[in-house]
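Input: a single structure, listed below in structure tokens.
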Amino acid sequence: MYATDPLTQAPVGTEKATWLTQSHAHMAPGEGWLSPNEVERCRAFRFSKRREDWKLGRWTAKLNVARRLGLTEDVSSLSAIDISNDEDGKPHVLVAGDPSACALSISHRAGRAMCTVVDSGVRNGCDLELCEPHGETFAADYFNAEELALAHARPGADRDAAIALLWAAKESAVKAVGTGFRIPTGSITALPEDITVRGDWRPLNVAVDYADLHEALHGWWRIDSAWVMTWVSDRRSAPPAAALAY
Ligand SMILES: CC(C)(COP(=O)(O)OP(=O)(O)OC[C@H]1O[C@@H](n2cnc3c(N)ncnc32)[C@H](O)[C@@H]1OP(=O)(O)O)[C@@H](O)C(=O)NCCC(=O)NCCS
């Protein structure tokens, strides 16, 4: 049973999320670290880019899970961690065939992957994006009036970063609620704090309001050089802790 915040009555996590990003250069060669189910899945991908992105996501997730659970990180230990997806795409983790004490979220983008791990029972979503220019219509197509005001208040590269952050926040939210973008982007409002600050985790709130789905999600964002990372969950908690030195 989780404690609740005395002011908001929102559930409060007992354990910090752990986060990790890895690139292809970090990934062990071969398939020995994949579980038998994962090997089968891996071989079924038609396109090599999707297969390599998927593998990097699995690699990043397994390392993060192993660190959190205090498992060794050799190939055999990593192959006992099996990460599958439910029919909606949400990832689930088994360790040596048993449900584990943790839940996770995965993102991959441009040769890099991110994974966050939380206690099982906590709903969470992470996203990794590049701060890069988007076409004129991107923000208008996907952001609501509140978000457009946040993005347009910033010039040049800061606007690109703000747009990447707002998008990542929405994507984290649809992972945390488990729907993906089957719900419209306009039904998700991202409210990040201090968009211009770089380098450390900053607070992020995201509201999801669609049909009978009403969720207040809480989390954190950070920008490191060209990358923006977001993480939200259904409870208030401290910023995610790095699973490995970053
Ligand atoms: C969830 C979603 C936003 C992720 O977008 P993406 O561009 O693949 O971005 P990312 O790389 O950041 O995330 C991928 C990871 O999200 C996770 N994910 C996928 N669907 C999820 C869901 N419903 N809930 C939680 N996490 C989910 C998976 O772990 C996936 O990685 P994996 O397949 O390697 O395990 C997107 O897939 C989506 O909206 N899906 C639902 C709608 C849909 O099915 N569209 C089909 C194409 S139009």
| note | With +1 on the Cβ of every Lys and Arg and -1 on the Cβ of every Asp and Glu, the dipole magnitude of the stretch 123-238 about its Cα centre, in debye rounded to the nearest 20, is 320
| For the chain, with the dipole built from +1 on Lys and Arg beta-carbon atoms and -1 on Asp and Glu ones, taken about the Cα centre, which of ASN205, PHE181, CYS42 lies farthest toward the positive end? | CYS42
| In the stretch 39-88, what trypsin sites (Lys or Arg not before Pro) fall in a loop by DSSP, with at most 10 other Cβ atoms inside 10 Å? | ARG46
| Taking the stretch 17-119 and dividing mean pair separation by its residue count, relative contact order in percent (alpha carbons under 8 Å, at least six apart) | 38
| note | Among CYS131, GLY30, ALA61, the residue whose Cα sits farthest towards the positive end of the charge dipole of the chain, when +1 is placed on the Cβ of each Lys and Arg and -1 on the Cβ of each Asp and Glu, is GLY30
| request: Please report, in debye to the nearest 20, how large the charge dipole of the stretch 33-94 is about its Cα centre when each Lys and Arg carries +1 at its beta carbon and each Asp and Glu carries -1 there. | output: 260
| field | Sites excluded, GluC sites (Glu not before Pro) in DSSP loops with at most 11 other C-beta within 10 Å, longest stretch of the chain | value | 88-192
| query | In nm, to one decimal, how far is the modelled label at HIS26 from the one at ALA101, with both set 7 Å along Cα→Cβ? | reply | 2.3
| To the nearest 20 debye, what is the magnitude of the charge dipole of the chain about its Cα centre, counting +1 on the Cβ of each Lys and Arg and -1 on the Cβ of each Asp and Glu? | 540
| remark: Expected sort for CYS102, CYS42, CYS115 with the fewest Cβ neighbours (10 Å cutoff) up front is CYS42, CYS102, CYS115
| When we measure straight from the Cα of LYS175, which aspartates and glutamates land under 19 angstrom away, once same-chain ones fewer than 8 places off are left out? | ASP53, ASP86, GLU87, ASP88, ASP119, ASP127, GLU129, ASP209, ASP212, GLU215, ASP234
| task | Indicate the helices, whole DSSP H runs only, in the chain that combine a mean Kyte-Doolittle hydropathy of 1.0 or more with a Cα extent along their long axis of 15 angstrom or more. | result | none
| Points 7 angstrom from Cα along the Cβ direction at ALA145 and VAL75: gap in nanometres? | 5.9
| field | Within the chain, helix-based [θ] at 222 nm, where runs of 4 or more DSSP H residues each add -39,500 (n - 2.57), nearest 500 | value | -9000 deg cm²/dmol
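Any read-out appearing in this document is the output of simple, stated calculations on the displayed coordinates, not a laboratory observation. On a predicted model such as this, the values are computed, not experimentally measured, just so you know. Note: ideal-geometry Cβ built from the backbone for every residue, glycine included; neighbour counts use all protein chains shown.
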